[in-house]
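Report on one structure; see the data block that follows.
The values are calculated or read from the model by the stated rules, or taken from the named source; none is laboratory data. Bear in mind that the values here come from a model prediction, so they are computed numbers and not experimental data. Cβ: placed from backbone, ideal geometry, glycine included. Neighbour counts: every protein chain shown.
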């Protein structure tokens, strides 16, 4: 789900006495699956979780435990730099947001619509 170098935005941090605020962004510095026994690695029902170490943009360094914490990956459009939270569309080898992909398919410049 998350790899070193990925950018993410915190959705929620549960059970931390001094949590990082929701909406804070950061860069993943490491991630590993932790198995607490009882079944397949990494599933909530198996007693496993994903530990994601993050260097937060607010200067903190604090790991997420997913679940129960949650975050979403922030990706940028190769054309306009927009940060959609959904997968980018690949057009001519570029990862593009939906709007840039539409404009390129229609042959529109950045100025026309």
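Could you check, for segment 71-83, whether at least one of its residues is at pLDDT 90 or above and either within 17 Å of residue 21 (Cα to Cα) or in contact with a strand residue (DSSP E or B) (Cβ under 8 Å, 6 or more places away or on another chain) (or both)?
There is at least one residue in segment 71-83 that is at pLDDT 90 or above and either within 17 Å of residue 21 (Cα to Cα) or in contact with a strand residue (DSSP E or B) (Cβ under 8 Å, 6 or more places away or on another chain) (or both).
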Considering each residue of segment 89-106, count those that are farther than 18 Å from residue 74 by Cα, within 22 Å of the chain's Cα centre (by Cα) and surrounded by fewer than 13 Cβ atoms within 10 Å (Cβ to Cβ), and give that number.
1
